[in-house]
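Undergrad: Before I ask anything, here is the structure I am working with.
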Amino acid sequence: MRFRLARDDEAKGSYTYPNTSEDKDFRDVLKNKLDIRSHSALREAEYAFTALRQTELAEGKGPTGNHDAAHLKALHGYIFQDVYEWAGHTRNESPVVDGQRVEPVGGLSKGDTTFLPGSRIEMGLNEALRPARDVQGLRAATPEQFAEKAAHVLSELNYVHAFREGNGRANEALVVSLGRTYGHDIDLTVITKPRMIEASIETTNDPSSPAMKHLIQDAMDPNRREAIRSAMSDLEQAGEKPFEHNIRTARPGEVIEGQVLGHDNRVACLVTDGGIVAVDRADLPERMPPDDGEVKFTARSDFKTLWRPEQVQDAQSQPGQQKAQEPQSQHINAELKAIEAQQLVDRQRNRNQDRER
């Protein structure tokens, strides 16, 4: 799906190449440093270059800043530096593209969503990034409070849609950096594109919706991340592509009804009308329904016991064994990092199937 733009007939330059074909793959292609003239080929090249830059950001490389508009622009410029001449420029600016200055992009929409007018981007960014300026509040925030603040930032940035292309990746990079600064590991590799789209739409239509806050909590909580990865594994075993589904964890007090796709002694994966839900196995009846059977229950767990804390207590009570377990712990951490890196690649590849969300 591509953007619809409100164009200025007096613009000297253009973000896109002239249309010389009726083939949609060759129409309205963004001008790029590689001089690629088809959407499909540009999609693949963009994936390769931006995936590398995103991996570097995950390793702590790249621009630093105060999580303000300048920092957001720097992150966008870093991620897309190999592909677009205008990387780092918001759509209310007039960058030089292919030797000519382009006019600001005023109106921008996708599907049924209309983003903030270009003339109001500076004001929109100022409002979106307001929680990031509250240093004392962020330092004192509980994980839940931080998730709420980060959700506000991400939701508002998605609505502002400050750039001509690449908003999702730049916005998420800023939120991940914000978390890292204040001691919260926000791992968005477990958040699928369908879920991010739905959360963005929900919060745009209803700012009081908790959808984005729950998304950030799933990305922050290591136990919830593990539960989502378990659900992804169940989907893969069922022949499905996990990143094409809306996958989330259950919230305490939520009534869940659906079909059990898979489970182990810790996590169960349910197919519901609202998507795929990972739940604590302890919340389900001891006797599981037969294949294709449905189950209905009220979730109680907050996933805090998923890492089996009794094992941690045993290790702490036996210091002599703790050192012997350190190499194993390091091995597990390395495996988790490898999983996260692969999920970043998979998520980026999936996103590029439909360009920019």
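The values are calculated or read from the model by the stated rules, or taken from the named source; none is laboratory data. Not measured: the values here are computed from a predicted model. As a convention, Cβ positions derive from the backbone with ideal geometry for all residues, glycine included, and neighbour counts pool all protein chains shown.
Undergrad: List the number of the failed condition for residue 115; all other conditions in (1) out of contact with any strand residue (DSSP E or B) (no Cβ under 7 Å at 6 or more places or on another chain); (2) touching a residue at least 24 places away in the same chain (Cβ under 8 Å) hold.
TA: Going through the list (1) out of contact with any strand residue (DSSP E or B) (no Cβ under 7 Å at 6 or more places or on another chain); (2) touching a residue at least 24 places away in the same chain (Cβ under 8 Å), residue 115 breaks only (1).
Undergrad: Follow-up. What number goes with the only condition from (1) buried (at least 22 other Cβ atoms within 10 Å of the Cβ); (2) farther than 27 Å from residue 92 by Cβ that residue 173 does not pass?
TA: Looking at each condition in turn, residue 173 falls short on (2).
Undergrad: Another question, if that's okay. Only one of 258, 262, 293 is loosely packed, with under 15 Cβ neighbours inside 10 Å and free of Cβ contacts under 8 Å to residues at least 60 places away in the same chain; which? Before you say what the answer is, go through the steps one by one.
TA: Working: 258 fails: loosely packed, with under 15 Cβ neighbours inside 10 Å; 262 fails: loosely packed, with under 15 Cβ neighbours inside 10 Å.
The unique qualifying residue is 293.
Undergrad: Pick from segment 157-198 the residues that are aliphatic (A, V, I, L, M) and touching a strand residue (DSSP E or B) at 6+ places or on another chain (Cβ under 9 Å): which of them is nearest to residue 104 (Cα to Cα)?
TA: Checking each candidate, the answer is 191.
Undergrad: For segment 92-206, please list each of the helices (runs of 4 or more DSSP H) lying entirely inside it that holds at least 2 residues being in the same structural domain as residue 14 (by TED's automatic domain parsing). Give the derivation first.
TA: On the way: elements: 121-128, 135-140, 143-160, 167-181, 193-205.
Fully inside segment 92-206 and qualifying: 121-128, 135-140, 143-160, 167-181.
Undergrad: Related question: Just to verify a result, which residue in segment 230-244, among those that are of a type in the set (D, E, K, R) and within 20 Å of residue 198 (Cβ to Cβ), is farthest from the chain's Cα centre (by Cα)?
TA: Among those that are of a type in the set (D, E, K, R) and within 20 Å of residue 198 (Cβ to Cβ), it is 240.
Undergrad: Only one of these is free of Cβ contacts under 8 Å to residues at least 24 places away in the same chain, surrounded by fewer than 20 Cβ atoms within 10 Å (Cβ to Cβ), of a type in the set (Ser, Thr, Tyr) and within 30 Å of residue 36 (Cα to Cα): 94, 109. Name it. Reasoning before the result, please.
TA: Details: 109 fails: free of Cβ contacts under 8 Å to residues at least 24 places away in the same chain.
Among 94, 109, only 94 is free of Cβ contacts under 8 Å to residues at least 24 places away in the same chain, surrounded by fewer than 20 Cβ atoms within 10 Å (Cβ to Cβ), of a type in the set (Ser, Thr, Tyr) and within 30 Å of residue 36 (Cα to Cα).
Undergrad: If you don't mind, there's one more thing I want to ask. Between a first residue in segment 192-217 that is basic (Lys, Arg) and a second residue that is modelled with pLDDT of 95 or more and not in a helix (DSSP H, G or I), which pairs have beta carbons less than 7 Å apart while being 6 or more apart in sequence or on different chains?
TA: Listed pairs, sorted by first residue: 195/246; 195/247; 195/248.
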